[in-house]
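Engineer: What follows is a single structure, and I will ask about it in a moment.
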Amino acid sequence: MSDEGDNLSLTQIKATDQMKQLMVEYYIEAKTTTEKPICWITSGGPVEFLIAMDVIPVYPENHGAMCGAAKIAPGLAETAEEMGFSRDLCSYARADIGGAVKQDGAIPGGLPKPDFLLCCNNICGTVTKWYEELSRYFDVPMFLMDTPFIHTTKTKHATEYVRQQCLELVGFLEKQTGREFSLEKFAEVALRSVAAVELWKGVLKTAESRPSPFTCFDAFIHMAPIVTLRGTQQVVDYYELLKGEMEQRIADGIGAVPEEKYRLVWDNIPIWYAMRSLGNLFASNQACLVADTYTTAWAVDIKIDDPLTSMADAYTKVYLNIAIDIMLDQLLGLMEKYQADGLVMHSNRSCKPYSLGQYDLARAVTERTGKPALIIEADMTDSRVYSEAQVRERVEAFIESL
Amino acid sequence: MGAGLEKLAALREDPYAPARSWKERTGGKVIGYFCSLAPEEMIHAAGALPVRISGENRVISKSGAHLQSYCCSLARTGLDMALEGELSFLDGTVFVHTCDTMQRLSDIWRLNAGFVFHGDVVLPVRFEGDLARDYEVKELSYFKERLEEYLGDIPDDALAESIKTYNRNRSLLSEIYGLRLENPGVLSSVDALTLAHSSALMEKSEHNTFLEEVLEELKSTGPADGSKVRLFGVGSLMDQWDFLGMLEAVGATMVDDDFCNGRRYFDALTPEDLAPVEAVAARLWERESCPCKHLTKRDRAARLLDRIRRSDARGAFFFLFKFCEPHGFDYPYLKAAFDKAGIPSLLLEIEQGSVSIEQLRTRVEALVETIKI
């Protein structure tokens, strides 16, 4: 990971080294493998199928976050902009397309080329367009896992459609890899995925303590394994370690923010290039961001007795694939569970499904809880649209109002 | 100019006048929708009037409290009209799953706009394959049931009748567009697009009568000036009538288009030999696709180039809403394909309410000059 990933918490998390080691090994394998096929996959995609088929999943979004944190995303995006991609389009996509063309990025030489693509539109419609471009650029096949959006009702026919696509995906992967799918192996992977998800939930839950042992800025860094490699044993081992460390902190009364006074919930993708400055800003004002709507998105339930149906269900009802009134219920639940004093929303130019509706959500949260909400206008990786001075001023005024 | 064509200017001026007067006259219900993939025939068959909402040129006031500035003007001005009470002739609204903005607009609209009926049609994003078709038919049937709860039964024979009326409309528009391909001077691009656009604003059989009238007028018009530079328009929705007027003024004309209130609106007929819901589902896939939909077996660039060739267009312009992701992502590859085929093109990004015709004129003139050389 980038330098920005180091030591975000004022109190250093010891497990960070293991996490970095895990991610470095993962990227080295992905870059050097000669036997395993590479599949680029969206962050909300059903990676368990790839792990079960010995395919290496590569996440342009994770790489986009790394490029954002390393502050190299705007340079990569410019290459895409020169190709005609508007600056108003998602900055992950622009940085990724630019990075593919320049063969550059946060890891030397950029991401390893894909053999095929797995795009799941449960996080946005943008990924469909972005992966279509990748499919044209690399001239590789793309599988679209189409997860119908839930406005007011989750219909049976939608779940069935997604479940059937899981079966179709198996066929696609068998064709691409020339290998046979093993239900037995898949069940093992699903089991480890469930175990990792349970541990990750456990990690996030430790932030319910006062003081919280970590902040969401730490969670943004430590989420990388659950996003990319869930289903592997290393991830299970890693989160056992991290959870243990957080529990020890609670036992020792160590908080991530010295003299934690205010507890806040974060909404939306991190502002990767400003994580350190934001982390310090909140911490120096005795405010701890104890939970967020982003890292909880990977806490999906899979039921082992019927993994396919429960996966179809779980992947369809993720946070970004539901209407804002359903999001509101979850947001209120999060605020209550973590005893939050307020809400900080990143209005992210790059992410419409996450950001449009935030104005309504902010008002509703304040109406229902009496707690204030702050909206920061920014972009997840494109620092060219960010005004640090303005954000600092607004954050300080907000904390004063608490 | 005949009586039919004279109506067009009024439709541009006050697009919702026909819907308001229909409602007053019949006491029927009016259902609005944004996306041209809305299953209009079902609404029509229930005796209600489907009307397309397409935003307008205005400075927004109320919608800024709900939508960020980085979302398209179609959503921002449309919501503004609703919140200002200017769409009070609507009894309900239907949202079709297309892009991320429309998806969220549906939520915001449902919670704030205050119409009695709100329907979502979560069409598949995949527009091919048995799995997606099966899901599409079930989703349309599910929507039909929601619609029936509000509007009353939609018997199969009524739906079949509406399909015929809609197909008649599509055929008439196709014939008129065909006349322009032969003889673009017979009708200006502004009027041609208004004819297609207004189809989504009026009761269909009334619009059919109107089109029949126009068609008669056009057929009796002799050969017109055919010297204009023939251009092809690409984008989502085109409602900038002054732009099209300017296009004609600088010696060009849009002979054909890929706008969803233009050719894409009336493209392909609903099969009349299938069960009605399946027929509606079939046409949505058959018509020229929108970049919100994923197709692996159809190359959009090749299809557009084919249409450009058939319309004998010498250049193209992309007329895109700022912040539109589906069209924005398709642009570089389409542009490259056009370049390769020797079709010069121009990218124009606009926001309703802040279009400067003068600025666009310079760029269009440059394109026209390039083609003339």
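We did not get these values from a lab; they are worked out from the coordinates using the rules stated. Being a predicted model, the structure only gives us computed values, none of them experimental. Glycine also receives a Cβ, built like all others from the backbone with ideal geometry; neighbour counts cover every protein chain displayed.
Engineer: Of B:Lys228, B:Lys297, B:Lys138, which is the most mobile in a GNM of chain B whose springs link Cα atoms less than 10 angstrom apart?
Structural biologist: Residue with maximal mean-square fluctuation among B:Lys228, B:Lys297, B:Lys138: B:Lys297.
Engineer: While we're here: So what is the calculated 222 nm ellipticity per residue for the protein assembly as shown, using -39500 (n - 2.57) for each DSSP H run with n of 4 or more, over all residues, to the nearest 500 deg cm²/dmol?
Structural biologist: -16500 deg cm²/dmol, from helical runs alone.
Engineer: Would you mind calculating the relative contact order of chain A from Cα pairs under 8 angstrom and at least 6 residues apart, reporting the percent as a whole number?
Structural biologist: Once normalised by length, the contact order is 20 percent.
Engineer: Only Cα pairs under 8 Å and at least 6 apart count here; give the relative contact order of the stretch B:1-81 as a rounded whole percent.
Structural biologist: 22 percent
Engineer: Now, a different point. B:Arg310 to B:Glu216: extension gain in nm, 0.36 nm per residue of separation minus the Cα-Cα distance?
Structural biologist: 31.4 nm
Engineer: How many percent of Cα pairs in the stretch A:273-402 exceed 23 Å?
Structural biologist: Summing the P(r) of the stretch A:273-402 above 23 Å gives 39 percent of all pairs.
Engineer: If you split all Cα-Cα distances of chain B into 10 Å bins from zero, what percentages do you get per bin, shortest first?
Structural biologist: 5, 24, 35, 27, 9, 1, 0
Engineer: Same structure, new question: Percent of Cα-Cα pairs more than 22 Å apart in the stretch A:12-179, please.
Structural biologist: When every Cα pair of the stretch A:12-179 is considered, 47 percent fall beyond 22 Å.
Engineer: Other chains' Cβ within 10 Å of B:89-100 residues: what's the mean?
Structural biologist: Across B:89-100, the average partner-chain Cβ count within 10 Å equals 2.
Engineer: Using the Cα atoms of the stretch B:71-136, I'd like the radius of gyration and the largest Cα-Cα distance, Dmax, both in angstrom.
Structural biologist: Rg, Dmax (Cα atoms, Å): 13.8, 43.
Engineer: Identify which of B:Asn169, B:Asn112, B:Asn261 has the largest mean-square fluctuation in a Gaussian network model of chain B, with springs joining Cα atoms closer than 10 Å.
Structural biologist: Comparing B:Asn169, B:Asn112, B:Asn261 in the GNM, the peak value goes to B:Asn112.
Engineer: Label point 7 Å out from A:Ser277 along Cα-to-Cβ: which residues of the stretch A:64-91 have amide N under 13 Å?
Structural biologist: Under 13 Å, as judged by backbone N against the label point of A:Ser277, lie A:71 of the stretch A:64-91.
Engineer: Suppose every K and R has +1 on its Cβ and every D and E has -1 on its Cβ; what is the size of the dipole of the stretch A:12-179 about the Cα centre, in Debye to the nearest 20?
Structural biologist: 280 debye
Engineer: Show me the three semi-axes of the equivalent ellipsoid for the protein assembly as shown, from the C-alpha gyration tensor (sqrt of 5 times each eigenvalue), largest first, rounded to whole Å.
Structural biologist: In descending order the semi-axes read 47, 27, 26 Å.
Engineer: Next up: What is the dipole size for the protein assembly as shown, taken about its Cα centre, with +1 at each Lys and Arg Cβ and -1 at each Asp and Glu Cβ, in debye to the nearest 20?
Structural biologist: In debye, rounded to 20, the protein assembly as shown gives about 740.
Engineer: With labels modelled as points extended 7 Å from the Cα through the Cβ direction, what inter-label distance (nm, one decimal) is found for A:Arg368 paired with B:Glu278?
Structural biologist: Output for this residue pair reads 4.4 nm.
Engineer: From other protein chains only, count the Cβ atoms within 10 Å of every residue's Cβ in A:349-356, then give the mean.
Structural biologist: Numbers: counts 5, 1, 1, 15, 5, 2, 6, 14.
The shielding value for this peptide is 6.
Engineer: Could you give me the radius of gyration and the Dmax of the stretch B:260-373, taking only the C-alpha atoms into account and expressing both in angstrom?
Structural biologist: Rg and Dmax of the stretch B:260-373, Cα atoms, are 16.6, 53 Å.
Engineer: Related question: Would you kindly calculate the translational diffusion coefficient of the stretch B:19-152, applying Stokes-Einstein with the Kirkwood radius from alpha carbon pairs, for 20 °C and a viscosity of 1.002 mPa s, and quote it in µm² s⁻¹ without decimals?
Structural biologist: 138 µm²/s
Engineer: Based only on Cα atoms, what mean projected area does the convex hull of the stretch A:187-295 have, in nm²?
Structural biologist: Its average projected convex-hull area is 6.6 nm².
Engineer: Please compute the modelled spin-label separation between B:Tyr150 and A:Glu188, points set 7 Å along Cα→Cβ, answer in nm with one decimal.
Structural biologist: Computed distance between label sites A:Glu188 and B:Tyr150 equals 5.2 nm.
Engineer: Extent of the stretch A:110-205 along each principal axis, from alpha carbon coordinates, in Å, largest to smallest?
Structural biologist: Dimensions of the stretch A:110-205 along the principal axes of its Cα atoms: 42, 35, 31 Å.
Engineer: Which of the three applies to the stretch B:196-343, rounded, prolate or oblate, going by the alpha-carbon gyration tensor with a ≥ b ≥ c and a/c under 1.5 meaning rounded?
Structural biologist: On the way: a/c = 1.68, a/b = 1.02, b/c = 1.64.
It is oblate, given that a/c is not under 1.5 and a/b is not larger than b/c.
Engineer: Right, something else. To test your reading of the geometry: what angle, between 0 and 90 degrees and rounded to tens, separates the Cα axis of helix A:275-284 from the longest principal axis of chain A?
Structural biologist: That works out to roughly 30 degrees.
Engineer: Calculated FRET efficiency, B:Glu365 and B:Asp299, Cβ-Cβ r, R0 25 Å, to nearest 0.05? Present the calculation step by step, with values, prior to reporting the outcome.
Structural biologist: Values: r = 32 Å, r/R0 = 1.27.
Computed FRET efficiency for B:Glu365 and B:Asp299: 0.20.
Engineer: A further question follows. Would you mind listing how long the stretch A:288-335 runs along its three principal axes, going by Cα atoms, in whole Å with the largest first?
Structural biologist: Sorted largest first, the three principal extents are 38, 23, 14 Å.
Engineer: Work out the FRET efficiency for A:Ile28 and B:Asp134 from their Cβ-Cβ distance, taking R0 = 56 Å, and round it to the nearest 0.05.
Structural biologist: Working: r = 43 Å, r/R0 = 0.78.
Rounded to the nearest 0.05, the efficiency is 0.80.
Engineer: How high is the relative contact order of chain B? Use alpha-carbon pairs under 8 Å, at least six apart in sequence, and give a whole percent.
Structural biologist: Taking the mean separation of contacting Cα pairs over the length of chain B, I get 19 percent.
Engineer: Right, next: Among all stretches of chain A without exposed GluC sites (Glu not before Pro) (DSSP loop, at most 12 other Cβ atoms within 10 Å), which one is longest?
Structural biologist: Looking at chain A, A:36-179 is the longest stretch - no exposed GluC sites (Glu not before Pro) with at most 12 other Cβ atoms within 10 Å.
Engineer: Per-residue Cβ counts within 10 Å, from other chains only, averaged over B:106-113: what number is that?
Structural biologist: Numbers: counts 5, 14, 6, 0, 5, 7, 1, 0.
Counting Cβ atoms of other protein chains within 10 Å of each residue's Cβ and averaging gives 5.
Engineer: Average the reciprocal distances over every distinct pair of alpha-carbons in chain A, invert the result, and give the Kirkwood radius in Å.
Structural biologist: Hydrodynamic radius (Kirkwood, Cα pairs) of chain A is 21.4 Å.
Engineer: Estimate the FRET efficiency between B:Ala3 and B:Val116 by the formula 1/(1 + (r/R0)^6), using the beta-carbon distance for r and 41 Å for R0, to the nearest 0.05.
Structural biologist: Here the calculated transfer efficiency is 0.65.
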